[in-house]
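What follows is one structure encoded as structure tokens, with my remarks underneath.
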Amino acid sequence: MNFNLLVKFNDGNEKEITGKAADIIAFEERFDMSMAKLQQEVRVTHLMFLAWHVEKRTGSTKATFEKWVEDVDTIEALEAKK
């Protein structure tokens, strides 16, 4: 149930982020949308929220979602690692 995202920040740094069940639950509650449906209707906001939630949950950021995304240049979903 893990997922991987690559976040590229405005300062040139990049970070691979691995999400877990807690992040998926937060996504589904925030957007009232099943994670399974995300593949059909993916939005940048969805990916950004998932990455931010992982960062917040793990203590990598204390910023609000809105503030955190100001520092992000791009985001992309990565293939699941085996």
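Looking at region 53-62, can you tell me whether even one residue there is open to solvent by less than 60 Å² (accessible area, probe 1.4 Å) and in a loop (DSSP other than H, G, I, E, B)?
First, the residues of region 53-62 that are open to solvent by less than 60 Å² (accessible area, probe 1.4 Å): 53-55, 59, 61.
Now drop any that are not in a loop (DSSP other than H, G, I, E, B), which leaves 59, 61.
Within region 53-62, one or more residues are open to solvent by less than 60 Å² (accessible area, probe 1.4 Å) and in a loop (DSSP other than H, G, I, E, B).
For region 28-42, residues that are within 18 Å of ARG57 (Cβ to Cβ) and open to solvent by 90 Å² or more (accessible area, probe 1.4 Å) total 2. Could you tell me whether region 14-27 includes any residue that is surrounded by 12 or more Cβ atoms within 10 Å (Cβ to Cβ), assigned to a loop (DSSP other than H, G, I, E, B) and of a type outside the set (S, T, N, Q)? Looking through region 14-27, at least one residue is surrounded by 12 or more Cβ atoms within 10 Å (Cβ to Cβ), assigned to a loop (DSSP other than H, G, I, E, B) and of a type outside the set (S, T, N, Q).
The listed residues are LYS56, LYS20, LYS62, LYS37, and the only one of them that is basic (Lys, Arg) and at pLDDT below 95 turns out to be LYS37.
The values are calculated or read from the model by the stated rules, or taken from the named source; none is laboratory data. Note that the structure is predicted; figures quoted are calculated from it, not measured. Positions of Cβ are generated from backbone atoms using ideal geometry, with glycine treated the same way; all protein chains shown enter the neighbour counts. Just so you know, the surface numbers come from the protein's heavy atoms only, side chains and all, with ligands and any DNA or RNA stripped out. Shrake-Rupley method; radii C 1.70, N 1.55, O 1.52, S 1.80 Å.
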